[in-house]
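Input: a single structure, listed below in structure tokens.
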Amino acid sequence: MAYAPFLQAGFNAGDSVLSFELPGSGTDDLLDIDTASNTGVLGRFVYRVDQEEILGFICTQSGRVGLNPPSGVMMGGTLVSVLGPCYTEVSNLDIVCKFGDVTVPGTLKSEFIAECCTPTCLQVGPVNVEVSLDNGNTFPFNGVFIYGKLILDFTEETHVYINVR
């Protein structure tokens, strides 16, 4: 059975005129959208929508970064993907993330993504994150990561539920 006419993905500008379809929209190719990307993360697409022309993912030289996941546990160890900076002229040795006052080395995963592992934090709540592409000399990028408590719920004999609050 052909699903193509029913498989649509995209977004509209909210003005009943402008819209944008993701690659493969309206075709059976959309069934494999989880294997495509414009950010380097399979299944994830990022677009700039604050201008009249809708643009694909654009890296920046400074400003806000996207953190994924945006939260994790206080004991640290959460691998956080950092999206936004232009990583084309950067090596693994240049990336540093600062969670509050604690700096950790970053790892370059692609031209669009770096990863940093969260350090231990002694408080619950939001922490400012700064990102450096010059080995910690400057931190032109920023975001917020939310630390939460790890809560294990043993409500059923065969299941363990893990929550971050």
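The values are calculated or read from the model by the stated rules, or taken from the named source; none is laboratory data. Owing to the predicted nature of the structure, the values given are computational and were not obtained by experimental measurement. So basically every Cβ, Gly included, is an ideal-geometry build from the backbone, and we count neighbours across all protein chains shown.
Quick look at the values:
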item: Residue match in region 64-79 (condition: of a type in the set (S, T, N, Q) and over 28 Å from residue 22 (Cα atoms)); result: yes
item: Residue within region 7-25 that is surrounded by 12 or more Cβ atoms within 10 Å (Cβ to Cβ), over 28 Å from residue 137 (Cβ atoms), modelled with pLDDT of 75 or more and of a type in the set (Asp, Glu) present; result: no
item: All positions within region 60-74 that are loosely packed, with under 15 Cβ neighbours inside 10 Å and within 22 Å of residue 152 (Cβ to Cβ); result: 69, 70
item: Any chance residue 92 is at pLDDT below 80, farther than 30 Å from residue 152 by Cα and in contact with a Ser or Thr (Cβ under 9 Å, 6 or more places away or on another chain); result: yes
item: Top-ranked residue of region 75-104 - restricted to ones that are more than 21 Å from residue 61 (Cβ to Cβ) and over 14 Å from the mean Cα position of the chain (by Cα), ranked as surrounded by the most Cβ atoms within 10 Å (Cβ to Cβ); result: 99
item: Members of region 95-149 found to be of a type in the set (A, V, I, L, M, F, W, C), in a loop (DSSP other than H, G, I, E, B) and under 16 Å from residue 85 (Cα atoms), listed by number; result: 95, 112, 133, 139
